[in-house]
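Notes for the one structure printed next.
None of the figures in this text is laboratory data; all of them are computed from the coordinates on show. Model, not experiment: these values are computed from the prediction.
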Amino acid sequence: MMDTQQHVTNQKVGIMGGTFDPIHYGHLILAEYVATDMKLDKVIFMPSGTPYLKSHVTEKKHRLEMTKRGIAGNDKFIVSTMELDRVGNTYTVDTMATLKQSHPNTRFYFIMGADSLFDLERWKNSEQLFKICDFAVTNRGGTYSKTDLQAQIQKLNQKYASQISLVSIPDIQISSTEIRNRVRNNQSIKYLLPANVEAYILEQGLYK
Ligand SMILES: Nc1ncnc2c1ncn2[C@@H]1O[C@H](COP(=O)(O)OP(=O)(O)OP(=O)(O)O)[C@@H](O)[C@H]1O
Ligand SMILES: O=C(O)c1ccc[n+]([C@@H]2O[C@H](COP(=O)([O-])O)[C@@H](O)[C@H]2O)c1
């Protein structure tokens, strides 16, 4: 696991969780906007080890390398291998409980898109998760109306006393699925993700 200890004591820290298969500008813009709006000191990109709801996920070493390349050049962004190193299905509650225990004075914000918000109650031990960390959520490509999002946030905040904030970002329709499909179909993925990640995908022959 990367040593995050020295970076995150007594701070406000975002956790940008994802499969990152591959990382793209949607993830990066989301993390940057949340960091700015919530005045975060750091954002930890946390590639999921075994995302139990997804099938055919690319090897961990490739997703880690792409994530490292994707965040390069942003001093606020770091990568943790905590979930990649853990054995078994990846549950956010385990990650956040471990982080909270080792950094009791740090305020953690789990960052996510609206699709995740509507699944959140079905995540493992979500009631415990709501108590351990705050959430920063954004719309995703205009999928939900602002009213629906606000209603869902209000519902969860009332039911679980959770702290979920809505952050606005420009609508970005990019998804990792689309990038994988485009590579498979020999279509360009330029400008959907950082050039060094694109180069890595092509060098390694991923998603063919
Ligand atoms: N374009 C985007 N705009 C806003 N949020 C996004 C965007 N893409 C991903 N996210 C959010 O980032 C988090 C991690 O996403 P993930 O790594 O699964 O990427 P993805 O593009 O959704 O991948 P896939 O297409 O394989 O499902 C999720 O909470 C997701 O909602
Ligand atoms: O803990 C859970 O039950 C859980 C269920 C689904 C997703 N998550 C987390 O949500 C983040 C985004 O997931 P995904 O599958 O959209 O890449 C990632 O950090 C996952 O580990 C967590």
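The table below gives the values:
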read-out: Under 5 Å, built H, 5+ apart or other chain: amide partners of V43; value: G14, F77, I78
read-out: Relative contact order (%) - criterion: Cα under 8 Å, at least six apart; region: the range 51-208; value: 19
read-out: Rounded Å value of the spacing that divides the Cα centres of the range 189-208 and the range 90-133; value: 30
read-out: Ellipticity estimate at 222 nm from DSSP helix runs (n ≥ 4, -39,500 (n - 2.57)) divided over the chain, nearest 500; value: -12000 deg cm²/dmol
read-out: The range 7-64 - convex hull of the alpha-carbon atoms, volume per residue in Å³; value: 96
read-out: Where the Cα pairs of the range 22-96 fall when distances are cut into 10 Å bins, in %; value: 18, 48, 30, 3
read-out: Over 30 Å between alpha carbons, listed pairs K54/K155; K131/K190; K124/K208; K60/K100; K42/K208; K76/K155; value: K131/K190; K124/K208; K42/K208; K76/K155
read-out: Percentage relative contact order, the range 1-110, counting C-alpha pairs under 8 Å, at least six apart; value: 40
read-out: Length-normalised contact order of the range 16-70 in % [C-alpha pairs under 8 Å, at least 6 apart]; value: 54
read-out: Calculated log₁₀ intensity ratio I(q)/I(0) where the Debye formula runs over C-alpha points of the range 74-161, q = 0.10, 0.11, 0.21, 0.26 Å⁻¹; value: -0.29, -0.36, -1.15, -1.41
read-out: For the chain, fraction of C-alpha pairs farther apart than 25 Å, in %; value: 35
read-out: Reciprocal of mean inverse Cα separation for the range 113-208 (Kirkwood radius, Å); value: 15.6
